[in-house]
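Colleague: Below are the structure tokens for one structure; questions will follow.
Please treat every number below as a calculation from the coordinates, not as lab data. Just so you know, these numbers come straight off a predicted model, no measurement behind them. Here Cβ is always computed from backbone atoms with ideal geometry, including for glycine, and neighbour counts include all displayed protein chains.
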Amino acid sequence: DAGVIQSPRHEVTEMGQEVTLRCKPISGHDYLFWYRQTMMRGLELLIYFNNNVPIDDSGMPEDRFSAKMPNASFSTLKIQPSEPRDSAVYFCASSFTGGNQPQHFGDGTRLSIL
Amino acid sequence: GNSVTQMEGPVTLSEEAFLTINCTYTATGYPSLFWYVQYPGEGLQLLLKATKADDKGSNKGFEATYRKETTSFHLEKGSVQVSDSAVYFCALGKNTDKLIFGTGTRLQVFP
């Protein structure tokens, strides 16, 4: 079975550019989560969706960050404009309904903003 | 609120040594508990889980027992290998939709 698929795996871009990260969740999962991981702050939950609807975006750092889920098989996380402090590994995860269910993570996008 | 506390790393061991990584939690009721592992350059992978008190989760030689009386879910392995070197995350899930993760513990195993 295919797991969570993220693209690109690596992204290097200059400050001020728009960055779009993509995620395809596991088929049938109705929850999708976006995380950011850095050495300084560890693993942070940015936003999550249930049935394509954003439920909690309180972890989104600022208005430069936005996320969408137009259908059950695709989500994007966009940063515009990007800044060097946005450099991190961004993970997408999906799960079935309920906090008792494990989340399945993608391999992440390593983002470097120069 | 719900929270998870893990021992700080790194934990450094020789191959075949016994491993314990401590995890305690704060939550009302009966949450589900998880251990995830993250190998270098990869995402988190579910290692094991337990859904009720006294349950023991196990996988790949790792074990953890859900202890309600001590609110703990310590990860153990009898004989670690170099390939076990990774970061280990304890996590809690309850009625809310999201998991609460600990800060992670880095394990380094040397031959």
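Colleague: Between residue A:27 and residue B:58, what FRET efficiency follows from the Cβ-Cβ distance if R0 is 22 Å, with the result rounded to 0.05?
Modeller: Efficiency, rounded to the nearest 0.05: 0.20.
Colleague: Only Cα pairs within less than 10 Å get springs; with that Gaussian network setup on chain B, which residue of B:70, B:26, B:51 has the largest fluctuation?
Modeller: B:70
Colleague: Can you say what percent of the DSSP beta bridges in the protein assembly as shown, counting only those with both residues inside, are antiparallel? Round to 5.
Modeller: 90 percent
Colleague: For residue A:78, which aspartates and glutamates qualify as cross-link partners when the Cα separation must be under 17 Å and same-chain residues fewer than eight apart are set aside?
Modeller: Counting by Cα, and skipping residues close in sequence, residue A:78 has these aspartates and glutamates nearby: A:11, A:14, A:18, A:44, A:56, A:57, A:62, A:63, A:86.
Colleague: Please state the relative contact order of chain A as a whole percent: Cα pairs under 8 Å, 6+ residues apart?
Modeller: 37 percent
Colleague: On to the next question. Could you list A:15, A:40, B:7 in order of exposure, starting from the residue whose Cβ has the fewest other Cβ atoms within 10 Å?
Modeller: If I rank by nearby Cβ atoms, fewest first, I get A:40, A:15, B:7.
Colleague: Using 0.36 nm per residue of separation minus the Cα-Cα distance, give me the extension gain between residue A:5 and residue A:51 in nm, one decimal.
Modeller: Extra length available between residue A:5 and residue A:51 comes to 14.8 nm.
Colleague: Let me ask you something else. Hey, rough spin-label estimate for residue A:40 and residue A:63, points 7 angstrom out along Cα→Cβ, what's it come to in nanometres?
Modeller: 2.3 nm
Colleague: Then there's this: Loop-only check: which chymotrypsin sites (Phe, Trp or Tyr not before Pro) in the range A:14-75 are DSSP coil with at most 14 other Cβ within 10 angstrom?
Modeller: Answer by residue number: there is no such site.
Colleague: For residue B:56, list the lysines whose Cα falls under 25 Å from its own Cα; do not include residues on the same chain fewer than 8 positions away.
Modeller: B:68, B:77, B:94, B:98
Colleague: Provide a whole-number value for the mean count of partner chain Cβ atoms within 10 Å of the Cβ atoms in peptide B:42-53.
Modeller: That average works out to 4.
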